[in-house]
Structures are given as C-alpha cells and as structure tokens.
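Read the structure below first, then the notes.
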Amino acid sequence: MAKRNVSGLRRSPLAAKIVIVAALLTVGGTYSAVTSALATQSSTAGYTQDQKDLGHKLFLANCASCHGKNAEGTANAPSLIGVGAASVDFQVSTGRMPGAASGPQLQVKPVQFTQAQIDAMAAYVSSLAPGPAVPDASATAPNGDVTKGGELFRINCAMCHNAAGAGGALTEGKYAPNLMHSSGKTIYEAMIVGPQNMPVFNDANITPAEKKDIITYLTYLQDHQSAGGNDLGNLGPVVEGLLIWLGALGLIVAITVWLGAKSN
Amino acid sequence: MSDNSKDLATVTSPYSDHEYPAGLANVSDDKVTDPGIEPHRVRMTDKSKKHEKAAVRQVAALFFLSMFGSAFALYAYFAFPIDANLDTVRNNTLFLGLGITLGLFGIGIGAVHWAKTLMPDAEVSEERHLTRGSEAKRAAAIEILALANQESGFTRRKLIRRSLYGALALFPLPGIIIFGDLGPNPANSLRHTFWANGTKSKPLRLTKDPDGALIKASDVTEGSVYHVIPEGLTEDNPRYLEEKSKAAVLLVRVDPKDLNEAADRKGWSYDGIVAYSKICTHVGCPVALYEQETHHLLCPCHQSTFDLNNGCKVIFGPATRPLPQLPITVDKDGYLIAQSDFHEPVGPSFWDRAAKTNSNGIEG
Amino acid sequence: MTTTAPSRQKNGFLAGTANYVDERVGVAGILKEFGRKIFPDHWSFMLGEVALYSFLVLLLSGTFLTFFFQPAMTMVHYDGVYAPLKGAQMSVAYASSLDITFQVRGGLLMRQVHHWAALLFVAAAGLHMLRVFFTGAFRKPRELNWVVGFVLFVLGMAAGFTGYSLPDDLLSGNGLRIIDGMIKGVPFIGPWISSLLFGGEFPGDNIVARLYSLHIMLIPALILVFLAVHLFMLVIHKHTHYSGPGRKDTNVVGYPLMPVYVAKAGGFFFIVFGVIMLVATFFTINPIWNYGGYDPSPVSAGTQPDWYIGFLDGLLRLAPTGLEVMVGDNTLSMNILWPMIIGIGFLLVVAIYPFIENWVTGDKREHHVLDRPRNAPTRTAIGAAGVTMYAVMWAAASTDLIATNFRMSLNQVLQTMQISLFVLPIAAFIITKRVALSLQRKDREIVLHGRESGRIVRLPHGEYIEVHEQLDEFDRYKLVDFKDYKPTLARPNAAGKITLGARIRSGLSKFYFEDRIAPVTQTELNEAIHHAHELHDEVQKAIEN
C-alpha cells in the first residue's frame, strides 16, 4: 500500500515530506499500539482510532462474510462481540483464523496477516464490547515457579494436552493440540479465552501468577530435550511397543537371517 | 477312540523297537524318495588361504573394536559426569551406552563371523530316539513302580491313602488364610467420601485442587471448569491419596436453560453450577476432559463420554452408570459448599454397590 | 597323583582345570553327552533365544536397579536435581526412581535397558510362539513344552506389569487404578480382593512394596523354573528341523553344539544385548519425570499400558455402552467381565491349541519335521485369524492416538474396531487359507513341471512354449515332503452309537482337511520327469535347427 502511494506522489517535492511524515506516523503508531496493547490487561483502551479503522476494514474484507457485518455472528460462525482482543490475537496469530473448510475444529495454518494487522483487528473487535485483552509481555514471561506450574499443568491441562504437552484426542475428531511450539502469549491467551472446546481458565480459577507458572513449566519442557535420547514424540507406551516390534525385533530378525545364512 | 479304529493306519515304525499308530493321517506308500542330505558346498575360506587369513583378521578386528568400545565406556563414565543440567544426563547416557553397545556388538558379531567362516560348516545328521523309552525300559520302570506300590501298600491300604489325601487337601489352607491380614474388610469404605465430614452447621466448602483455595460461585464463569477437592483435605493428611481418590470433583457452570435436571435433583445445582464426581464409573480413571461447547466429559483412558447437561449420562464408551452428582449450594459468603456426601458410591462398580447395607449389616 | 600329574604338565593350564573340575563334578560325562549335540540352523529357530537373552539382560540390569530403588510409599518432598519437581510431594519410590534417572551415572541408561529389554522379552517370546505355531512345532511330543512356553509368556507379562507400576508415577498409578477398577468389578469378592491387594483402600501405602516382592523374587523365580523345564524338554526332544532332503522324523540335521553353536549362540547373546543397549542409548522409554508422582486427580492424555497388556486395555475400550446390569440388588459389571472373559479365553485357546489339533487329527506319531505353513492351510488360517484378532485388540488400546495422528474421529475409530474385532479375523482366515492352498498348488506345479525360465522356444510344428527348468532333487524334496490328512467320518462306537464327541470330531476334521492338496507321489513325479525329458529333447532339436 505504502509503496503505491510513494510512486503516485513522487512528482511533488512536498510529497516526499508528506510521505516521510506519514510513514513515521504509521510506524510509530503501530509501535505504540503494539506496546500499549501488550501493556493492557483488561480494558479496550490503548488502541488508536487508526488501528480500529484499519481493523474494521480488515474485518469487513476477511471476517464479515462468516461473522457478520457487525461481528454479530451468523449461522456459520459465532458472534465476536465481547470475545476480546486476546481471542482475535490467539485465533489469527496461530493461523486458525481465517478458518478453512469445515471440520471438527479449526486447524493451525500459516499465518495470513502481519502482527500489525492482527493488532488492528483485535483493536476493532475489542472496541465492540469489553473482553479479555492480549496479555502483557511480562505476564507471559517464563520466570514463574516451575514446580507449581508442573503441578497445575497436570491437574488442569494434562488430561487433554498430555503430561508432556504432546496433545491428545477429544470426541468426534476434535483434539487438544501439541503445546511444544506454542509461545507463552498463545498459551496465556488460550487459557483466558477458552478457544472452541477448551474450557476457560479465568483469573479466579488459575491466577495470573499461576498462569505464568504453567508457561514457565511448558517453556522448560520446550527448552529441554529428553535426558534419555529421542523422546518418540512423548506419545507413551504404544509408540514404544511399535519401536520394539518394528525396530529392535526387526533388526534382530535381520541379524538372525545373517546368522543362519551359509557363508560363501 | 474305538469309533474309528478301523481307519487307523498302523505303520511299521522307522524306530526299531516298537510300532505306533498314525491316527487319521494318510500314509502314502508312493512318497517321493528322499535323496538324502545335499552335498556340502565348500566356502571360499576353505578353498583359499587368502580368504581364510582375511576372515581371521576380520574376526580379530571385531574383537579389538569391542575392546575399544568397552574402554570408551569406561572413559565416558568419568568424562561425562552428571549434574543438575539435564544435558549432562543425556550425554552420559549417550556416550556410556554407545561404548557398551560397541563392546557388545564387537564380541557378538566377531564370534558369529568366526563360526560362519572358520568353523566347519558341513551339516551333520544325528539319530533321534523316540521320546518314550524302549519297551524294556518301560517294563523296568513299571516294575519299579509296582514294587514301590507293593512295598508301601499305597493301593492296598485304603485308609492310609484316603486319609493322606484329606491331609494333603487341608494342609495348604492355613497357608492361604494367613494372607487374610493383607487388607481389612472393605466394609463401608467404598460408600463414603471425605465430603461426608461436612455437617449441617459446618458444611464442607469446595476448594481448588491442589492449593485448597475456596471457590466463590461468582468465580465459576460459564465455560470454565474447576478441579475440586473438599475443604480440609490437604497433602499432610495421612489418607490424602485415598480420600482424594474418591472425593475428587469437577465443577462446571452451564447455562441453566441447558441444564436438564431430574426432578429429585432440582436443588443439587446452584445457578447452573453443577459438581460431578471425577472418578469414572467404568474402572476409575479421572474423567477430567471437559468440552465446553458440547458439555461432554471424556475419560482419556477408555473414552467413556458423559453428557453434563443430562445428569452425566453415558453417551459413548464402556461405562454404564452416570457420574455421581455432588449436591452443592452457596453459603452466606457466596462460597460453594457441599450439601452432603454423594448419594451413591463413587467410582467403578462393585457387586453390592446398590445395597443400602453391607454384609455386616452396618447401614451404608 | 601318578596318573594325573603328568597329563597336567603335558597339556598346560586348560587341561589341568578340566581335570580338576571333572574329578569333582564329573563334567566329562556331561560334555561327552552334550558337547557334540546337533542343532539345526535356521533364523527362525533363534527367536526363543532372543527372549532368553533378554531375560538375562533383565536380570543383570534389574539387579543394578535394586541397589538404588526404594519400594516405599512414604511421602517425601523431592529434593533432587530435576527442577520441575523440586519440592513436590511424592512417594519415596518415585523419588528414588528419579534419583536413579538423574543422579546415578548410567542410571537412566540402565533403567532404559531394563524397560526396553522387558518389552523385547515379551515380544520375542510372542514371535517365538508364532513360529512354533505356524510350523506345527507344538505337535507330539512337544505339547507340554508348548504349555510351559505359554506359562513363560504369561509370566513375562506379569513381570512386566509389576515392574511398570513400581516407579509410582502418574502413568503407572492410573494403570493400577484401572486394575483396581477391574478387580472391584469381579462379582461377590471384588472389593475384598482389592482391599487385600492394596492393603485397604486404593492406593494405600503397600502396593509398591508388594509388587516389588513379586517383581524381583516370586515372578523371576518362577520364570527361571519354567525356563529350566522348557530347556530341559528341548534337550530331551532335540530341536525340530524344516522338511528337506535327509531331514526325517528320526534324525536331526545341523551343526554340533561345540564349537559352532557355542560360538553362534554365545555371539548372539552379545548381539541381542547390543541391540537392547543401542535402543536404550538413543530412545527414551517411560519418561517418568514428565508424569509427576501419582495423584488420583490428574491424568495424562494417552494413558496406556505397555504393549503386552494393550490387548486387555483395548478390550476394555471395545465394550459397548450399557453392558453393566443389575441382578436383583447387585451390580454385574459385564462391561468389565466380558473383556476379561474374552481376553483370558483367547489366552486359554492359545494354551490348549495343541491338544485340540491332536484330538482332531488323532495323530499319535512323533513329529520332528516341521510343516511349512502353507502345507497346513487350516492351521495357518486359524493362526492368521488369531493374530488379526490380537492386533485389533491391541490397536483398540490406541484409538486416541490413531484418531489424533490420522485426523479421524475417536468415536468412529472405536466403532470401526468393534466391528473389526469380529469381521477381520474371519476375513483373515478365508484369505490366508486361499493363499496357502494356491501356494501349495504352485509348489505342485513347480515340482512336476519345473520353474518358468522366461525363455520362449518355437517348436518345429510351430507351437511356442516356455522352457521350464527342472528343480534339482534336493530342492524338489523340500516341496514334496509333507504329511497328508483326510477328513474322517463319524463312526459308531462299540455299542453301535455315534456319540456327540465323534460327530464334533468328524465335523472339525472336515473343517481342517476338506480342502487339501495331496503331496506329489513318486509315480506322478516319474511321469512328469519322463514327459519333461521328451519335451527337453524336442526343445533341444528346435534350438539346434
């Protein structure tokens, strides 16, 4: 967009100055919007009107066909009024939204928008009604209590996401995704938003400090390879059984064939 | 076996000392003749000195490789110590394991290679004897048995024999009963949970697992799920795990409009908040997976699925009974409390589960 | 003195030692008897050895682990090096397992060696059983040894399960919880048995120590005893061999124990140990640190038993909703009992199969020459059906993993498995039997007309034929040497009645032997060879022209 403007306005010497000022404003605005958005915990404030306008445009172009012109929801998709910036950021920044062909649940796909565009959409949606905000960078930093995080993770999360965060099955084709590549921000947003069939873990249930503990634990798992060698996807005894049959026993049978064959 | 005795082919045995029946098998007298063991194929190592020498060197090289592997394992034990860093454990495992593997493979492959290339490889035939003894041996054995029988009077002296049978039948019983104190009479233990400790004047409040924080009804927003244990059940309780095994509860709020409650359970929920036992009625895994859009609870062990909106009835999987519901309400401070214990035993079924009293006549 | 001293001087240390041992143990007689015993050589004869060697590895690595493991369920606060569990409350058993893992050099390696060896032990025993089954090696006189081997397989599962539960982590604790639930479902005595096993209410603080006693004393001792009986019978029977030239029921063809077999089998021990060590070096097994100590409230997605218990877990999942019934005031948990009945029933059929087949064939001969699976089509088909059924049961234990990894619906996967449990074994039976029969027909064809050489020759009268190459007599004999059975009719007994037993037996006999391909006879072979010679001459002429 900016580039096209540049070529259009090149003739006038004034134009160059306008362009520079505009560019600075955009960059600065985006920057301040991002930082202010991260600093926001539970209000819709902090987004600029420009962001909301850009967000509205993006919304109409990319989201309105399913979620309705005013985000009121249609038969195909839920209302976005009150879902909050965190929900938009979670769904769009993981590539789940815009949603692809229907299936049991939204899939992680390549991300379609820049972070600035996502922030703009978040700004628009959060302007409709208050909802959970995108968490502060300090809230999602992995510097909590790793032991407590592990305990909370096992009680609240492991039944769906597996004790090592490897993911697991839900009913009718739905599943809990693997968490080994999720950022602290995504994990935090998922807890406060409760996307699709995941329950919501509000701040009374799991306090912000405890959420940080959980992120700390998951980051620990992400940062540490298994001490015992390849972790086989942390999928448990079934994979181990397959490895012993197809790998170890297969290798041994190959050796027995060599052992039983006559030398020439 | 008399029914087909006519059909039984009796063949002259290849074994010299007796005949044996062939059963229902067809025994063909027009079998293709056996050409005997095929002639021995000479190996390169038998033919050429050069190949033989090469094989000797290969075997020795493998044994040297083994020595190197074992020595490396010794080195790795000291060179890769472990400390609080997990990567050191990984390296210790890796290099120690590699050394030992090499040590083992060197010996194993070397020995087999030795046998295959340098030891004689002409197949030998050895005669096999019938598993049963020769007629003479069997006769001698029977004679010994008969003599023993005669000398002891085992068959003859019925009183002794039968009383011995009786004694032998009874003597293991003390050895079995002595295990009786492995565990107490289960009595009513399966019928009560920690929630029964609440009274009318001091009901038990619902607290979060594991930290025991109290839960306000207003904290339980729609779509959220709380993993709950009774107030006062803490880690320092000597029966913490046993009590938690029965008392664990899932707490969920749904839209009261969606809640389809049985007439006699109308008062068991509070403003759409319901509490159900977390212990599966199949074999006791924690039914901890809550899908907030479908309001289904799924057990990750055997996939029993319960419908929270309809009294946690089973809609899929091997379980039969709904999860037991814990009657709850709020106290004057807005905290969630249990009205009473569960009204039925929680967890997997057992034989007299439905009985009001157990075999000792104690009220359940 | 005068007789032994010179020989010692003459032959050095080795002979001296041999002499010393012989004069005290009489080892010369043993060596003379067994030293040149013949063992047939075939890759499939080594699978039992794999199980045996895995067991030795289990004893070695297990002993190491006992020096560090503490089988107590007293609660402590973890104070080891694994950061995410520091300060967490856990049992001494779990804490000591973590210490073996993170604070003993080679401790994690030995834990992984032990666990992988356990999986291999049962897997190799299973594969060995399949070899024995499909080649008919369980026939007289080896029926009892089959049962001994079966007991060893079950003991292997028991040893595995008791060991799996020792670390007292979340995964194994939930495994025990499932066992507890199954036991409670047993009519009348369920709660009692559970209380006796756990020393009161689940989980109690006794179970780990009790399983430990079983795991390191009773079960290994029983395995050793049955292993001794198994090998003793092997020596008595001598090993079977495959059909082939010179291989008869009255001999055994192979290599002598010393030196060839000692070198091969001894070397093979090191190879099996090496493979276990290799797998343990590179692959994590049972990462207990991820699971945390046992707590009855949490559970991990993908909670599964080790593979050899998988078939029972799968059966539990396969039970359809609503099987539990009320009998008067009492609860009959058929959703638990049916899986137990089917699982144990399946194992029992495996255990008694040799006796069933023996009754049907009525064969009283000793069999030392093995069947090629195709030459016993019905048995092979039964085996294939059994393997398929077992595979479905095992696969059912991983419905959730199948669903997530192949993006399918958990519910549909399970429903498909429920149907497959009955349909696939039947399909496997039919397909296998057809394949076996056509392979037999092909063998017959090859024996009588030779192998297709791919060379086309035009005969003088214009006909094109493909030249067939005749097998040499040794290769040919492998294809014709098998036993032939024909179905029997039910005949009246001495009292003139056809008993029910006789009817069942003749029905089964028909089931087994109705479809059969008879082996080639010498007469047929002679004719074929004669014909081939004529054809050969004709072809030769055609080529020369």
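The values are calculated or read from the model by the stated rules, or taken from the named source; none is laboratory data. Just so it is clear, the model here is predicted, and its values are computed rather than measured. Cβ sites come from the backbone with ideal geometry, for glycine too, and all protein chains shown count toward neighbours. Areas reflect the complete protein model, heavy atoms only, side chains present, ligands, DNA and RNA absent. Shrake-Rupley method; radii C 1.70, N 1.55, O 1.52, S 1.80 Å.
For the pair region B:193-270 and region C:451-522, the centres of their Cα atoms are 72 angstrom apart. Shown is the FRET efficiency for C:L348 and A:T74, computed with R0 = 51 Å from the Cβ-Cβ distance and rounded to the nearest 0.05: 0.30.
Taking a ≥ b ≥ c as the square roots of the eigenvalues of the Cα gyration tensor of region B:194-338, is the shape rounded (a/c under 1.5), prolate (a/b larger than b/c) or oblate? In terms of gyration-tensor shape, oblate.
Cross-link partners among aspartates and glutamates for C:K37, C-alpha distance below 13 Å, same-chain residues fewer than 8 apart left out? List returned: B:E123, B:E126, B:E127. Note: region A:198-245, Cα convex hull, 99 Å³ per residue. Interface A/B, total buried accessible area with a 1.4 Å probe, nearest 100 Å²? For chain A against chain B, roughly 3200 Å² becomes buried.
Counting only other chain Cβ atoms within 10 Å of each residue's Cβ, the peptide C:98-108 averages 5.
Under DSSP H, which helices of chain B have Cα atoms covering 15 Å or more of the helix axis and a Kyte-Doolittle average no less than -0.5? Kindly include the intermediate steps, with their values, before the conclusion.
Values: long enough: B:49-79 (44 Å, 0.62); B:86-117 (45 Å, 0.80); B:135-152 (25 Å, 0.04); B:158-170 (18 Å, 0.61).
In chain B, the long hydrophobic H runs are B:49-79, B:86-117, B:135-152, B:158-170.
Loop only by DSSP, 10 or fewer other Cβ within 10 Å of the Cβ. Give me the GluC sites (Glu not before Pro) in region C:482-530 that pass, ordered by residue number. Passing both the DSSP loop test and the Cβ count: C:E514. Averaged over the residues of peptide B:203-209, the number of Cβ atoms from other protein chains lying within 10 Å of each residue's Cβ is 2.
Counting only protein heavy atoms and a 1.4 Å probe, tell me what percentage of chain C's accessible area is made up of carbon and sulfur. Solvent-exposed carbon and sulfur of chain C make up 66 percent of the total. The lysines within cross-link reach of B:K202, meaning a Cα-to-Cα straight distance under 19 Å and a gap of 8 or more places when in the same chain, are B:K216, B:K332.
For region B:137-177, the carbon plus sulfur part of the accessible surface works out to 73%, probe radius 1.4 Å. Against the empirical curve 2.2 N^0.38 Å, the C-alpha radius of gyration of the protein assembly as shown lands at a ratio of 1.14.
In this view, the solvent-accessible surface of C:Y353, computed with a 1.4 Å probe and all protein chains in place, comes to about 10 Å². For region A:50-176, the convex hull drawn through the C-alpha positions has a volume of 133 cubic angstrom per residue.
Take every DSSP beta bridge whose two residues both sit in the protein assembly as shown; close to 95 percent of them are antiparallel. Per-residue shielding of B:210-220, expressed as the average number of other chain Cβ atoms within 10 Å of the residue Cβ, stands at 3.
Please compute how much accessible surface disappears when B pairs with C, both sides summed, using a 1.4 Å probe, and round it to the nearest 100 Å². Interface between B and C: roughly 10400 Å².
For chain B, what's the relative contact order in percent, using C-alpha pairs closer than 8 Å and at least 6 residues apart? Please report the intermediate quantities before stating the final value.
On the way: 508 pairs, mean separation 41.2, N = 364.
Relative contact order for chain B comes out at 11 percent.
Using C-alpha positions alone, give me the convex hull volume of region B:44-117 per residue in cubic angstrom.
Working: hull volume 4.6 nm³, N = 74.
Here the figure is 62 Å³ per residue.
Restriction of the trypsin sites (Lys or Arg not before Pro) in region B:53-145 to DSSP coil positions whose beta-carbon has at most 14 other beta-carbons within 10 angstrom yields B:R132.
So which GluC sites (Glu not before Pro) in region C:438-494 pass both tests, a DSSP loop state and at most 10 other Cβ atoms within 10 Å of the Cβ? Mind dumping the intermediate values first?
Numbers: sites: C:E445, C:E452, C:E463, C:E466, C:E469, C:E473; in loops: C:E463.
Answer in residue order: C:E463.
Taking all protein chains into account, the per residue accessible area for the protein assembly as shown stands at 45 Å² (1.4 Å probe). Which of the helices in chain C meet the span-like rule: DSSP H, Cα axial reach of 24 Å or more, Kyte-Doolittle mean at least 1.6? In chain C, the long hydrophobic H runs are C:47-66, C:219-237, C:262-282. Here is the interface size for C with A: some 4700 Å² of accessible area buried, both sides summed, with a 1.4 Å probe.
What ranking, highest mean first, results for peptides C:342-352, B:190-200, C:85-95 when packing means the other Cβ atoms within 10 Å averaged over each residue?
On the way: C:342-352: 14.5, B:190-200: 19.2, C:85-95: 21.3.
Top of the packing list down: C:85-95, B:190-200, C:342-352.
Interface residues of region B:307-322, defined as a loss of at least 20 Å² in heavy-atom accessible area between the chain alone and the complex of all protein chains with a 1.4 Å probe, are B:F316, B:G317, B:P318, B:T320. My understanding is that a pair violates if its Cα-Cα distance is over 18 Å; which of A:K174/B:K313; B:K208/B:K278; C:K140/C:K483 do that in this structure? In this structure, A:K174/B:K313 exceed 18 Å between Cα atoms.
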